[in-house]
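Reviewing the structure listed below.
Derivation of every value follows stated rules applied to the coordinates shown; laboratory data play no part. All of these numbers come straight from a predicted model, not from anything done at the bench. Here the Cβ positions follow ideal geometry from the backbone for every residue, glycine too, while neighbour counts run over all protein chains shown.
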Amino acid sequence: MTNLLLIKGSKDDQCNDLCIVGSGAIKCDAGESSWLPLLENIKKLALLLDFNPPDNAENTLYAEFLCSWIGEYSRVVTLRLAYHLIVALLNHRKKSEGKELRNCINRELKDLNPPYDNSYFEADWYDPKKLGETFEDFNKLYKQWQLLKDARSELAKVYKEAEKRLGKRNYNEEVEEVLSKNWILTLNWDTTLWDIRTEKIIQWHGLCSHSETMILPTEVYNSLEFIRVLIIPDTSWMCEKQKEFYDWCLKRTEALHAVTCKAHELISRASSIWFVGCALNTYDCEVNTAFSKVKTPNLKQVNIVNLKKNKEAVTLRTKFLISRKNDVEQRFIDV
């Protein structure tokens, strides 16, 4: 899979305005909520994960909970699996690189931006006993990861099949002009916004056509960044389960690394940011993480496009998001 699947537009395109577009900007032809396709399939997805969904499961609150549960559980299991794979990898490399391996690994990790915490590898990771325990744990965790991967794929399938029913909400002339002329960072998994006039769009949270790229509520992508650095030219020594997991991690990190770097660049460069249909709550972890990392020296104005009933909550969250910059004008546009 190429990184270009998640980015439409030239990397050299310049713009002062940046649009960050959430699920509130998308509607379904059978109802106003973009959550509708998921709500129609929520019980099926819950049962796949051995949940016993309540009778009134077809509501946004339950859907948000289930998606965030999949995301958080996936994050924990995937990170633990990655650690076990790294232990196996380091043992394999030690046979050829010997005592120089630790220095070599540290040099590779320093290439990350930001540098990865090298204390992660301070344990005696080449101990044979530890390797044996690690392999046993890997098999146990793999079953959990496989179940969660299937749930992620099912969620992706729901939105992929629903794409024909989804469309962009219509806004006033000012908002429509901004959307058509500037970079859009969409937090949605569908490609609805690819059909509007803009030629500059980034699928910041991945694509439903490639479920391994999807960022779920509470997830952040870079917890697996060190996997991308420690690329393994020869995987013949791995078992099939290790190969499957390693390939999945590479596809995910390689695609999302390019997207996140571009998103951070655009945020740092923007003089005006438009939050269109964004809740900016605890489920938008990737957005919150980005603004905690990226400096915004040029930012002069923030425009919030949302429903009037959400004004107080979204305005406060936006104010917190940009709290490191004191001289930013904040404007709310009721839709």
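Please give the FRET efficiency for Cys239 paired with Cys261, using the beta carbon to beta carbon distance and R0 = 22 Å, rounded to the nearest 0.05. Numbers along the way, then the final one.
Details: r = 33 Å, r/R0 = 1.49.
Working from the Cβ atoms, E equals 0.10.
By per-residue mean of other Cβ atoms within 10 Å, what is the highest-first order of 80-86, 274-280? Display every interim value, and only then the final one.
Numbers: 80-86: 19.9, 274-280: 24.1.
Highest to lowest by the protection proxy: 274-280, 80-86.
How much length is gained if the chain between Thr282 and Lys295 is pulled fully straight, taking 0.36 nm per residue apart and subtracting their Cα-Cα distance, in nm to one decimal?
Going from the current span to full extension adds 2.6 nm.
Length gain on complete extension for the stretch Asp195 to Asn59, per 0.36 nm per residue less the alpha carbon to alpha carbon distance?
Details: separation 136, 0.36 × 136 = 48.96 nm, distance 2.84 nm.
Here the segment from Asp195 to Asn59 would lengthen by 46.1 nm.
How would the stretch 155-234 be classified by its alpha-carbon gyration tensor: rounded, prolate or oblate, with rounded meaning a/c under 1.5 and the a/b versus b/c comparison settling the rest?
Taking the square roots of the gyration eigenvalues as a ≥ b ≥ c, the stretch 155-234 is prolate.
So what's the convex hull volume per residue for the Cα atoms of the stretch 255-296, in Å³? All intermediate terms of the calculation are to be shown ahead of the outcome.
On the way: hull volume 3.3 nm³, N = 42.
Output value, Cα hull per residue: 79 Å³.
Between Ser268 and Lys143, what length in nm is gained on full extension when 0.36 nm per residue of separation is reduced by their alpha carbon distance?
40.9 nm is the gain from fully extending Ser268 to Lys143.
Roughly what would the spin-label model give for Ala30 and Glu176, points 7 Å off Cα along C-beta, in nm?
2.8
Hey, can you rank 49-62, 247-260, 302-315 by average C-beta count inside 10 Å, highest first?
In descending order of packing, they fall as 247-260, 302-315, 49-62.
Sum up the charges of everything whose Cβ sits under 13 Å from the Cβ of Pro217, counting Lys and Arg as +1 and Asp and Glu as -1, but leave Pro217 out.
-3
Could you tally the net charge around Glu244, taking each other residue with its Cβ under 15 Å from the Cβ of Glu244, Lys/Arg +1 and Asp/Glu -1?
That works out to +3.
Within a Cβ distance under 11 Å of Thr235, other residues only, what is the Lys/Arg minus Asp/Glu net charge?
-3
Enumerate the calculated ³J(HN,Hα) couplings along the stretch 279-284 in order (Karplus 6.51 cos²θ - 1.76 cosθ + 1.60, θ = phi - 60°), each rounded to whole Hz, writing x wherever the residue is Gly or Pro.
7, 6, 9, 5, 7, 9
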